[in-house]
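To start, the structure under review is shown below, and the notes come after it.
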Amino acid sequence: MQRHLGTGQQPVQDASQMHIGPSGLCLVREEQQLQLSTLEPVNTLRHSATGSTGSGQHYPLSPTSSVGTPTATVSVVPVAAAAPDIEAPAAADQQQQQQQQQQQQQLVAHPITKRTASWKFVNYCIIPLALPLMAAWWLLALLLAAAATFSIWPSLLLARRLYWACPFIPCIWAKLAREQGAAAAWLLRLQFEGAHCMTVLGRLLSLPLRPHLPAFYILGFPKCGTTSLASYLRAHPGISGISGMPGHEAFGKESHFFGGMLGRGAASSATLYRSFFPTVMTRWWAEVVRGVPRWLCFDACPTYACLPYVAARAKALTPNAKLVVMVRDPAVGVFSAETMLRNMGVDLPWSLTTPLAHGTDAAGHSSDPRFQFPADADEFWQRLQRLGPDEPLPEDMPQRFYTHMHSYLMAGRFADRLQPWLDAFDPDNLLLVDYKQFVAQPEATVRQVLTFVGADTSRYRFKQQAARMVGQYKGARMHPEVAGWLHANWFADSNAAIARMLAGGKPQPEAWP
């Protein structure tokens, strides 16, 4: 089930309204509201039944389990529905209300975009006349990018920055060399680095044709179905992803801009970020030739939700962007990430497939070596939280983020990781998507996302896509003792908060496992 997070603007006057503080969240669903706040530590869930008075019932939440790391406080407070009116509305009034609701639903499903005189002049007169020039510019940019790629040094420079941001890629070449021979691995690497260089340089050289920034993000979380959702959305005639590397699934949807793909000091430039998105010609073709009411582009990078400094940078560049966040059992997500990295050839120093080593140390932490973290593990995440909007990214960030167990466990605390986004953006702009619901009802989920981002759902034709990660596990399974320990000691309170948000605030057991 998905939940759309909305805000209230008026102070509390009755049971149907709630005041939202500067760092609070109001989740509106039918007659209930939820509030997520970091103002006070909260260890209980208060639920007031409809029509009841008083403080309501209290449901204990699990204590914070992060090793030395402050946890974002989650307060989930459903509010009783307002008392009914003394006199029921007349039948005519009820019929009028139903008609108004139907009209509102039609407007949501078929958004109307007003075509102003200036819009028509630009799109029906100026752009058609300029199309030959723009097409020539675009082709020239590709030719120059190809010529620069053959000069070798731009390719080496861009590859070096890419491998810093995504340190798992060199492991792929090493694995290919072992399995297919050094010559085959070298040719594939040369092809990949050349394609990456041509893509990046071609986008930069055609930058004047690329005025767009994303209208919405698919923030994450990793291994929660973001690739599948992005693929479904790109099938809409009015939605485009990034201008990614042709033929490459990951870099065809993920910019990794805020992760430092173009360099440690280039992860906050609006100009460079614009280079990742389609040209004016793409928008013109969608809105004028294909007739969609509104063209949208998006960035789908699942690590954005995990890195605490990204929210402020995204807010500075795209203050009105919509945020789509997919969630699932974080323990399963960590194991899926481990499986993917091992299949890439990454030699991780830990695994979730072996039994748990029982016992605790003097501080009460698990004595299992996998969960004995270095002293600076929490300090690393605090550095990311303190990172300024224009500061270069830490030199050791990608390597620690992609290979250390502590980073995966911190990323799996979804409630904590969402807090910077809720502080930076209007909560009305955030939609939670349950991975289980997405798998069970993909079309309904995709249409809800389309409605949320403002796309015309009537123009969408759903086509079922093949499941991903099938056969990737090769019989490997997360050990049940490890899964149970992670749920109890790392993810319990975060899971409880997310589960209640997805369930509309009704007290229930955790959605996971």
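Points worth noting:
- Which listed residue, of Leu157, Leu131, is surrounded by fewer than 17 Cβ atoms within 10 Å (Cβ to Cβ), assigned to a helix (DSSP H, G or I) and in contact (Cβ under 8 Å) with a residue 60 or more places away in the chain: Leu131
- Selection from region 242-285 of residues that are open to solvent by 30 Å² or more (accessible area, probe 1.4 Å), among the basic types (Lys, Arg) and farther than 20 Å from Pro389 by Cα: Arg283
- Taking region 316-411 as the region of interest, the helices (runs of 4 or more DSSP H) fully inside it that hold 2 or more residues being under 28 Å from Phe438 (Cα atoms) are 330-344, 397-403, 405-411.
- Among the residues listed as Ala182, Ala235, the single one being open to solvent by 50 Å² or more (accessible area, probe 1.4 Å) and within 29 Å of Lys463 (Cβ to Cβ): Ala235
- Ala266 being without any contact (Cβ under 8 Å) to a residue 12 or more places away in the chain, assigned by the TED database to the domain that holds Thr318 and over 19 Å from the mean Cα position of the chain (by Cα): yes
- The single residue among Ala146, Ala141 that is part of a helix (DSSP H, G or I), in contact with a Leu (Cβ under 6 Å, 6 or more places away or on another chain) and either at pLDDT 95 or above or surrounded by 14 or more Cβ atoms within 10 Å (Cβ to Cβ) (or both) turns out to be Ala141.
- Sole residue being under 29 Å from Asp416 (Cα atoms), under 16 Å from the mean Cα position of the chain (by Cα), assigned by the TED database to the domain that holds Arg386 and at pLDDT 95 or above, chosen from Phe251, Phe216: Phe216
The values are calculated or read from the model by the stated rules, or taken from the named source; none is laboratory data. Note that the coordinates shown come from a computational prediction; the quantities given were computed from them, not determined experimentally. All Cβ positions, glycine included, derive from the backbone under ideal geometry; neighbour counts span all protein chains shown. Ligands, DNA and RNA are excluded from the accessible area calculation, which covers all protein heavy atoms including side chains. Shrake-Rupley method; radii C 1.70, N 1.55, O 1.52, S 1.80 Å.
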